[in-house]
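Step one of this worksheet: look at the structure below.
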Amino acid sequence: MKRRSFITKGSLSAFSAIVGAKIVFGHKIPLGYKPLGLQDPDPFRLFGKDKGMNVLNNKPWNIEAQAHLLDDKITPNKFMFIRNNGLVPDVIDVDNWSLIFDGESVQKSKTYSLSDLKSKFKQYTYQLTLECGGNGRSEFNPPAKGNQWTVGAVSCANWTGVRLRDVLNDVGLKSNAVYIGYHAADKHLSLNPEKEPISRGVPIAKALQNETLLAFKMNDKDIPLAHGYPLRLIAGGWPASASGKWINRISIRNKVHDGAKMNGTSYRVPCEPVAPGEKVAEEDMCIIESMPIKSLITYPKSGAIIKNGATLNIRGHAWAGELEVSKMEYSIDFGATWHVCTLEKPVNRLAWQHFSTKIGNFQKKGYYEVWARATDSKGISQPMLLPGWNPKGYLNNACHRIAIKVV
Ligand SMILES: Nc1nc2c(c(=O)[nH]1)N[C@H]1C(S)=C(S)[C@@H](COP(=O)(O)O)O[C@H]1N2
Ligand SMILES: [Mo]
């Protein structure tokens with residue numbers, strides 16, 4: 001007689017975390033059965049998100065923050081955007097989760113369990129900025145297809161895990177290794193098991209950076225299901241699509257990884273600027289690497305009203321991909337004149353930096369806009385308005401703007 005199989009301890013604790021209570025007869029849940037509490041169509045409850053988050057799509061789930069919700073120095077789960085290309089895996093067996101290393105350029109294929117990773121390698125925690133390549137897409141004209149992100153597809157949480165570099169050293173790479181590509185447990189929308197929703201990666205040099213992690217904790221807790229539980233690749237400062245969630249395999253490639261969404265117009269921009277709407281040949285498209293300089297005013301909320309003569313405190317964050325932010329400025333006259341803000345150093349490389357200032361120079365009652373502009377360590381500043389058009393609407397790093405009324 002075949003033994004009835006039940007849900008594993010690991011998946012049970014994940015389920016409990018989602019429903020927010022101990023599942024009393026949890027050990028009796030048949031394997032593959034999805035408790036009703038997990039079929040909850042309310043994404044805020046399902047993913048533990050704040051009600052102020054905006055749902056852009058429910059199949060797959062794509063949810064963004066509003067600027068003022070991102071005010072924390074370390075982004076908590078409830079304000080972290082979700083960008084899924086496929087369906088969140090519904091059965092996660094942490095006890096038997098494994099990470100396989102394979103590919104043309106691996107010396108010998110090797111597999112690690114989660115406990116192998118946690119016990120064999122030193123653990124590190126870094127605060128890392130993850131911004132979707134399509135953040136700001138909604139402003140492009142002609143419009144670009146895809147989720148119409150405004151400004152909220154960015155986060156900077158604490159990630160804890162082991163260095164991918166340490167694990168790659170243990171695995172052993174061939175000298176012709178040029179790229180790594182991740183594979184994950186989420187499902188393609190078509191439910192075709194042959195198809196992966198996304199399988200991207202980074203060049204070996206990025207994979208070997210200190211801050212590139214195989215992470216199992218976010219903000220000191222198990223990574224929330226929507227953000228890649230139980231194991232996630234984190235490559236901060238690059239389009240967040242490089243940071244694979246729910247990863248179970250890493251291929252070490254002797255060429256640029258060619259997984260799903262590595263080709264065509266996906267996460268690529270014209271190598272040279274093009275006119276809006278122009279057709280671009282595939283060979284003239286380049287893979288996005290380090291993200292461009294950008295900033296966000298997180299306080300006050302756009303639309304704030306202040307009394308004439310009062311001082312306005314503003315604050316927010318700025319980030320510059322692989323680089324550091326070296327200067328932060330604001331303007332209240334639509335970019336005619338700029339004033340320097342206080343800017344903090346990053347807590348570690350690839351973490352966003354905080355800025356703040358007091359604005360006391362509103363001279364009359366009326367409508368104003370506060371514009372924020374960051375400059376990176378190479379001297380490159382954010383464009384005031386929309387930068388170069390590209391077919392998929394990536395890399396809009398225009399200055400963030402908030403409206404203020406002085407009454
Ligand atoms: N397996 C897997 N990893 C993935 C994705 C996905 O759909 N599946 N989306 C990617 C994209 S495009 C982005 S922007 C980030 C979003 O991370 P978050 O949902 O944790 O904010 O995850 C990346 N990693
Ligand atoms: Mo993304």
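Residues being touching a Phe, Trp or Tyr at 6+ places or on another chain (Cβ under 7 Å) and part of a loop (DSSP other than H, G, I, E, B): count how many of those fall in the range 201-223.
Count: 2.
Quick test for you: out of Ser381, Ser331, pick the one residue that is over 14 Å from Met291 (Cα atoms), surrounded by 15 or more Cβ atoms within 10 Å (Cβ to Cβ) and either without any contact (Cβ under 8 Å) to a residue 24 or more places away in the chain or not assigned by TED's automatic domain parsing to the domain that holds Ala275 (or both).
The conditions single out Ser331.
Taking the stated definitions as given, is Ala235 buried (at least 20 other Cβ atoms within 10 Å of the Cβ), within 16 Å of ligand 2 (Cβ to nearest atom) and closer than 23 Å to Gly181 by Cβ?
yes
If you go through the range 287-294 one residue at a time, do you hit one that is within 14 Å of ligand 1 (Cβ to nearest atom), outside any loop (DSSP other than H, G, I, E, B) and either among the aliphatic types (A, V, I, L, M) or modelled with pLDDT of 95 or more (or both)?
So far as the range 287-294 goes, yes, one or more of its residues are within 14 Å of ligand 1 (Cβ to nearest atom), outside any loop (DSSP other than H, G, I, E, B) and either among the aliphatic types (A, V, I, L, M) or modelled with pLDDT of 95 or more (or both).
Looking at (1) within 21 Å of the chain's Cα centre (by Cα); (2) surrounded by fewer than 18 Cβ atoms within 10 Å (Cβ to Cβ); (3) away from ligand 1 (no atom under 14 Å from the Cβ), find the lone condition where Lys22 falls short.
Among (1) within 21 Å of the chain's Cα centre (by Cα); (2) surrounded by fewer than 18 Cβ atoms within 10 Å (Cβ to Cβ); (3) away from ligand 1 (no atom under 14 Å from the Cβ), the lone unmet condition for Lys22 is (1).
Condition (residue is more than 15 Å from ligand 1 (Cβ to nearest atom), outside the structural domain of Ala318 (by TED's automatic domain parsing) and of a type in the set (Val, Ile, Thr)) applied to the range 68-81: is it met by at least one residue?
no
To keep it simple, each residue is scored yes or no on (1) hydrophobic (A, V, I, L, M, F, W, C); (2) within 16 Å of ligand 2 (Cβ to nearest atom); (3) surrounded by fewer than 23 Cβ atoms within 10 Å (Cβ to Cβ).
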position	(1), (2), (3)
Lys221	no, no, yes
Pro239	no, yes, no
Lys255	no, no, yes
Thr265	no, yes, yes
Lys279	no, no, yes
Glu283	no, no, yes
Asn308	no, no, yes
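Residue pairs, Cβ under 7 Å, 6 or more apart or interchain, first in the range 247-270 and farther than 14 Å from Pro203 by Cβ, second surrounded by fewer than 17 Cβ atoms within 10 Å (Cβ to Cβ) and among the polar types (S, T, N, Q). List them.
Final answer for the pair search is Asn248/Ser98.
Any residue that is on the phi > 0 side of the Ramachandran plot, crowded, with 18+ Cβ neighbours inside 10 Å and either away from ligand 2 (no atom under 16 Å from the Cβ) or not polar (S, T, N, Q) (or both) - is there at least one of those in the range 99-111?
For the range 99-111, residues on the phi > 0 side of the Ramachandran plot, crowded, with 18+ Cβ neighbours inside 10 Å and either away from ligand 2 (no atom under 16 Å from the Cβ) or not polar (S, T, N, Q) (or both): present.
Can you name the strands (runs of 3 or more DSSP E) wholly within the range 108-193 that have at least 1 residues being within 29 Å of Leu208 (Cα to Cα), more than 16 Å from ligand 1 (Cβ to nearest atom) and in contact with a Gly (Cβ under 6 Å, 6 or more places away or on another chain)?
Filter on the range 108-193 gives 179-184.
Scan the range 242-264 and give yes if some residue there is touching a His at 6+ places or on another chain (Cβ under 7 Å), hydrophobic (A, V, I, L, M, F, W, C), farther than 22 Å from Thr111 by Cα and near ligand 1 (Cβ under 10 Å from one of its atoms), otherwise no.
No, the range 242-264 contains no residue that is touching a His at 6+ places or on another chain (Cβ under 7 Å), hydrophobic (A, V, I, L, M, F, W, C), farther than 22 Å from Thr111 by Cα and near ligand 1 (Cβ under 10 Å from one of its atoms).
The values are calculated or read from the model by the stated rules, or taken from the named source; none is laboratory data. These numbers were taken from a predicted model, which means no experiment stands behind them. Neighbour counts run over all protein chains shown; Cβ positions are idealised from the backbone, glycine included.
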